[in-house]
Structure formats: C-alpha cells, structure tokens
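Here's the structure, in structure tokens; my notes come after.
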Amino acid sequence: MKQCTHAGALPHPEPKPRSETCLECLAAGTHPVQLRLCLECGHVGCCDSSPLRHATAHHTDTGHPVMRTFEPGEDWRWCFVDHVLV
C-alpha cells in the first residue's frame with residue numbers, strides 16, 4: 001500500500017488559514033465548490049471540482065505537498081505528490 005512520504009515534515013501546529021475562502025476565485029468572479037487548506041503555508045484554495053482548481057494550482061506553483069479539507073465536518077488530508085490520502 002502506497003504511503004505519503006511528506007506528512008512527517010509538515011509544520012506543527014498546522015498553519016493558520018490565510019483566508020476563509022478561495023481568494024483566487026473571488027478575484028476571478030467564480031464560486032469555489034469546496035475548500036482545501038495547504039498544510040505547508042495556510043493557503044486556502046478551491047478543489048478540483050471548482051472551475052479553476054486553485055488548490056491544485058497552488059501545489060503546482062509551490063510544490064507544497066499536502067493539503068487538508070477546509071470543509072466543516074470533514075477530516076481528511078491528501079498528498080499531491082504521492083497521490084494518497086494521508
């Protein structure tokens with residue numbers, strides 16, 4: 001079973017969210033479907049079901065490997081590099 005090789009290097013405590021929504025969506029005039037929090041820097045971006053996929057774009061631009069859901073009632077993390085739930 002594949003495992004994430006990046007979770008152990010994440011900052012503790014996790015970074016505070018930089019915003020409460022996807023600021024890139026606000027600037028573009030689109031609506032985020034669901035939000036994701038970068039566990040490296042606190043960037044909040046929209047998920048891949050959103051038109052502009054800002055959480056994935058953030059990973060592509062920065063290389064930050066792990067994000068978590070930023071939705072109430074959800075508790076999961078995703079590693080973009082290893083393509084696995086953490």
- Message: Condition (residue is touching a His at 6+ places or on another chain (Cβ under 6 Å) and either of a type in the set (D, E, K, R) or within 13 Å of Pro15 (Cβ to Cβ) (or both)) applied to the range 65-82: is it met by at least one residue?
- Response: yes
- Of all residues in the range 37-70, count the ones that are of a type in the set (Lys, Arg) and within 14 Å of His6 (Cβ to Cβ). 1
- Note on the structure: The correct count of residues that are touching a residue at least 40 places away in the same chain (Cβ under 8 Å) and among the aliphatic types (A, V, I, L, M) in the range 1-32 is 2
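Read-outs throughout are calculated quantities, based only on the coordinates presented, and are distinct from any laboratory measurement. Note that the coordinates shown come from a computational prediction; the quantities given were computed from them, not determined experimentally. Glycine also receives a Cβ, built like all others from the backbone with ideal geometry; neighbour counts cover every protein chain displayed.
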